[in-house]
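Trainee: Below is a structure I'd like to ask you about.
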Amino acid sequence: MDELKLLRDWDAGTEPPREAVRRAARDRLLETARAAKPGAAPVRAPAHTPLRPGAQPPLVVVRGPGAGGPSRRTVVRTLVAAGATAAAVAAPVALLERGGTAGPAAPGDATPAGMLRRAARLEREQERLRPPIEPRRGQYVYAREFIRDAPDDGGKAATYAPETWLAADSSHRSWSNRRDGGDGWLRSEPGLWPPADWRGLTRIPAEPAALLTHISSFGAGKRPDEFDRADWRKVYTYAGRLLERIPVLPDGLLPALLEALAECPRPELLPGATDAKGREALGIVFPDHTGWSRYLLFATDTHEYLGMQRPHGRDLKIRAFTRTSHLDAYGVVDGVRKRP
């Protein structure tokens, strides 16, 4: 009997465990493994390496009999007992599932700016724990989102899972099967925002002040201390487009973006929100009288970034609804319409 196959095929009907649970389960797993076989070589997690365009994500291998580690049966039993059944134990790991992060919110972080900065710190911690995303030339960064459209008139909500294949560089076209006219091929062009290839995204500054200048006028604008009201509105609009259209960002870019948005004046807090998965959330929005404001959603306990919320159809002669989106999974693949 192959316990690993049974474990991978089993669906408990629950969300993946949060990062705190995974780390605790891993610690207990290592303690049990060492106790089961004294003298076994310690199992070490793969070291984090900086983002280098053109490299490939490392493979995570579960050690088995004959390799100085515990048997597969011991690994499976320990994982189940630790409550980490949904953790990814197959090797290699190609599809990365989005989860939560550890720890309650720190005191004093309840303001919108404080929430954004804490969310940035948590995202940096998560980046250190996961392999970097480094597609080679000819590869694609695959992303699957979970989107929920809830009619404003109280009707039944619709859910779907659009997918995106973002080309590694501009020599290939990207592909998206999003609804509302977003399907089809995409190619990076001068002046296009956001860039439609991974290498173009890596050229966006990952330092908050430089990022604000870059977003405000594509790299040739004023310093943040010179921004007027129109500049800040442009920053928030373009930041929202980046988060909405590119589900996965290079390491360092999402934390820098959250830190940059913390500098925007007069952010407003929206309590009592829910994300695409139905989880309680706090929303942050910046004043915008167009009726198309995008809300950034954060976990109520940790302030982890969960996704976006925005109105749809309210200025059109169609049924209006509220859309929430959440990054569900991602990975690197060798071609369009291929999945990890």
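The values are calculated or read from the model by the stated rules, or taken from the named source; none is laboratory data. Quick caveat: nothing in here was measured; it's all calculated off a predicted structure. As a convention, Cβ positions derive from the backbone with ideal geometry for all residues, glycine included, and neighbour counts pool all protein chains shown.
Residue-by-condition table, conditions (1) modelled with pLDDT of 90 or more; (2) not polar (S, T, N, Q):
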residue: Ala87; (1), (2): no, yes
residue: Thr101; (1), (2): no, no
residue: Pro104; (1), (2): no, yes
residue: Ala110; (1), (2): no, yes
residue: Leu129; (1), (2): yes, yes
residue: Pro132; (1), (2): yes, yes
residue: Ala143; (1), (2): yes, yes
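Trainee: Let me ask something else about it. Quick check on my filter: what residues within region 221-272 are at positive phi and over 17 Å from the mean Cα position of the chain (by Cα)?
Mentor: Residues satisfying the conditions are Arg266, Gly272.
Trainee: Go through Ile215, Ile246 for me and flag whichever is within 25 Å of Glu123 (Cα to Cα) and in contact with a Gly (Cβ under 9 Å, 6 or more places away or on another chain).
Mentor: Criteria check complete, one pass: Ile215.
Trainee: In this structure, does Pro131 turn out to be under 15 Å from the mean Cα position of the chain (by Cα), assigned to a loop (DSSP other than H, G, I, E, B) and not basic (Lys, Arg)?
Mentor: Against the criterion (under 15 Å from the mean Cα position of the chain (by Cα), assigned to a loop (DSSP other than H, G, I, E, B) and not basic (Lys, Arg)), Pro131 qualifies.
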